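The values are calculated or read from the model by the stated rules, or taken from the named source; none is laboratory data. These numbers were taken from a predicted model, which means no experiment stands behind them. Positions of Cβ are backbone-derived with ideal geometry, glycine not excepted, and every protein chain shown enters the neighbour counts.
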Ligand code: SAM
Ligand code: F3S
């Protein structure tokens with residue numbers, strides 16, 4: 001009988017990517033197939049997020065369900081990976097003694113071994129170490145599902161923003177070798193992939209060696225975009241600190257580079273940016289956005305904000321609103337600051353009442369929503385190149401894909417078009433998606 005795996009993912013795209021690799025590793029080692037619920041699984045894996053307290057607490061709610069499944073069937077194994085696992089390590093076992101394996105973002109390739117050791121020893125296993133970039137050498141070739149794929153080019157982060165747990169949970173920045181990235185993209189292209197998203201916490205920090213010479217992210221993009229069969233390249237997330245002139249120019253020069261950049265700003269106040277240790281000013285950020293729009297007219301810029309960072313005053317928050325107004329973002333994620341244990345910001349005095357922070361968040365969200373609506377409405381009447389990714393989530397008889405600017409668009413069409421590029425005329429704009437009709441297929 002095939003063993004069944006219930007895999008639940010919390011958090012960012014890096015975790016989504018890691019979860020796909022976890023499923024690959026376990027399919028290869030023990031033939032695990034995905035199960036729809038913990039109740040029908042032999043192995044339950046949670047890939048967790050600790051970037052905000054809320055995300056972290058979700059794990060402990062979910063673990064209750066896993067525990068019940070294990071009570072009913074004691075042979076069920078429970079593994080917890082990702083950032084909560086990395087941060088808690090052994091301590092997680094104290095809070096949830098029924099957990100069998102605790103593994104980190106950099107040790108997911110060791111999961112089969114950890115499970116085997118758990119079975120043999122009847123003792124829980126913990127491995128949340130950071131064995132550099134070994135993970136990629138040990139992973140099976142990624143499974144290809146459809147014509148769009150993610151390719152991780154770096155792991156971890158060395159920026160140490162004062163509010164953020166990532167450098168502690170995912171380790172410091174390490175980059176994949178140029179040859180390995182190119183080989184992976186070429187292998188994906190050979191298997192029908194047309195669109196790749198280069199993935200990492202700060203992809204534009206990437207450094208490597210090309211033909212014996214030092215090379216940066218802009219150079220890497222040029223090589224990836226030139227691979228036969230790759231029609232579109234996206235990347236996420238980038239950081240304003242290393243957003244070089246060369247990278248801006250790449251957006252002007254590389255046709256295949258999608259006209260979208262997700263560039264987290266966090267705040268519009270220089271005082272807060274300095275306290276966050278972001279390493280740029282609001283003026284520098286504005287300048288990047290201006291240069292990008294000049295290099296690639298129509299490029300979509302999205303961002304992240306943190307509202308209510310310790311000591312944020314009304315004037316600081318007004319500066320954030322002003323920056324948002326000026327930059328006219330195509331979309332943004334805004335979060336109320338969540339103190340994370342072990343980060344420097346968690347030690348700062350934070351006198352602003354929560355109600356005030358929530359009021360600020362509501363104002364910022366209202367502004368961002370109106371900008372996103374305006375940007376979506378401006379698309380109506382234009383024709384967009386869209387990779388048909390599958391059936392629409394809303395109406396199964398329709399197809400869905402994303403525009404270059406990364407907006408979901410739904411349109412009527414024949415399922416045989418899945419995996420192909422089509423030209424779609426945009427006919428309508430809803431808050432989170434566009435509607436359209438196909439005018440040509442490639
Ligand atoms: N690498 C990205 C960058 O350049 O900033 C950010 C990665 S972080 C995992 C994703 C987002 O979570 C951040 O952009 C930030 O807005 C938010 N975030 C991180 N730590 C947070 C905290 N302590 N409280 C609230 N939001 C937080
Ligand atoms: Fe976190 Fe700042 Fe890195 S937000 S992921 S420490 S760039």
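Every test in (1) modelled with pLDDT under 95; (2) away from ligand 1 (no atom under 16 Å from the Cβ); (3) surrounded by fewer than 20 Cβ atoms within 10 Å (Cβ to Cβ) is passed by residue 182 save one, and that test is (1).
From the list 306, 288, exactly one residue is more than 19 Å from residue 347 (Cβ to Cβ) and within 16 Å of ligand 2 (Cβ to nearest atom). Which is it? Going through 306, 288 in turn, just one is more than 19 Å from residue 347 (Cβ to Cβ) and within 16 Å of ligand 2 (Cβ to nearest atom): 288. The lone criterion from (1) away from ligand 1 (no atom under 14 Å from the Cβ); (2) closer than 30 Å to residue 426 by Cα left unmet by residue 324 is number (1).
The strands (runs of 3 or more DSSP E) falling completely within the range 190-246 that include 3 or more residues that are in contact with a strand residue (DSSP E or B) (Cβ under 8 Å, 6 or more places away or on another chain) and farther than 22 Å from residue 388 by Cβ map to 207-210, 213-216. When the range 305-334 is filtered for residues that are surrounded by fewer than 16 Cβ atoms within 10 Å (Cβ to Cβ) and touching a strand residue (DSSP E or B) at 6+ places or on another chain (Cβ under 6 Å), only 333 remains. Only residues that are surrounded by 18 or more Cβ atoms within 10 Å (Cβ to Cβ) and either within 16 Å of ligand 2 (Cβ to nearest atom) or not in a loop (DSSP other than H, G, I, E, B) (or both) were counted across the range 249-267, and they come to 11. Among the candidates 317, 335, 309, 329, the residue that is in a loop (DSSP other than H, G, I, E, B) and closer than 20 Å to residue 274 by Cα is uniquely 309.
Filtering the range 146-163 to residues that are on the phi < 0 side of the Ramachandran plot, assigned to a loop (DSSP other than H, G, I, E, B) and within 16 Å of ligand 2 (Cβ to nearest atom) leaves 153, 157, 158, 159, 161, 162, 163.
Note on the range 164-179: among residues that are over 27 Å from residue 53 (Cβ atoms) and within 16 Å of ligand 2 (Cβ to nearest atom), the one that is surrounded by the most Cβ atoms within 10 Å (Cβ to Cβ) is 175.
Please determine whether any residue of the range 401-421 is in contact with a helix residue (DSSP H, G or I) (Cβ under 8 Å, 6 or more places away or on another chain), modelled with pLDDT of 95 or more, in a strand (DSSP E or B) and more than 19 Å from residue 229 (Cα to Cα). No; the residues of the range 401-421 include none that is in contact with a helix residue (DSSP H, G or I) (Cβ under 8 Å, 6 or more places away or on another chain), modelled with pLDDT of 95 or more, in a strand (DSSP E or B) and more than 19 Å from residue 229 (Cα to Cα). The set of residues in the range 259-299 that are in contact with a helix residue (DSSP H, G or I) (Cβ under 7 Å, 6 or more places away or on another chain) and more than 16 Å from ligand 1 (Cβ to nearest atom) comprises 270, 271, 286, 291, 295, 296, 299.
In the range 134-145, of all residues being over 19 Å from the mean Cα position of the chain (by Cα) and assigned to a loop (DSSP other than H, G, I, E, B), the one that is nearest to residue 107 (Cα to Cα) corresponds to 139. Yes or no: the range 332-347 includes at least one residue that is in contact (Cβ under 8 Å) with a residue 40 or more places away in the chain and away from ligand 2 (no atom under 16 Å from the Cβ). No, the range 332-347 has no match at all.
Select from the range 8-38 the residues that are more than 16 Å from the chain's Cα centre (by Cα) and part of a loop (DSSP other than H, G, I, E, B) and write down the one among them that is nearest to residue 105 (Cα to Cα). Per the criteria, the residue is 32. Of all residues in the range 344-383, those satisfying the criterion of being in contact with a helix residue (DSSP H, G or I) (Cβ under 8 Å, 6 or more places away or on another chain) and over 30 Å from residue 408 (Cα atoms) are 345, 348.
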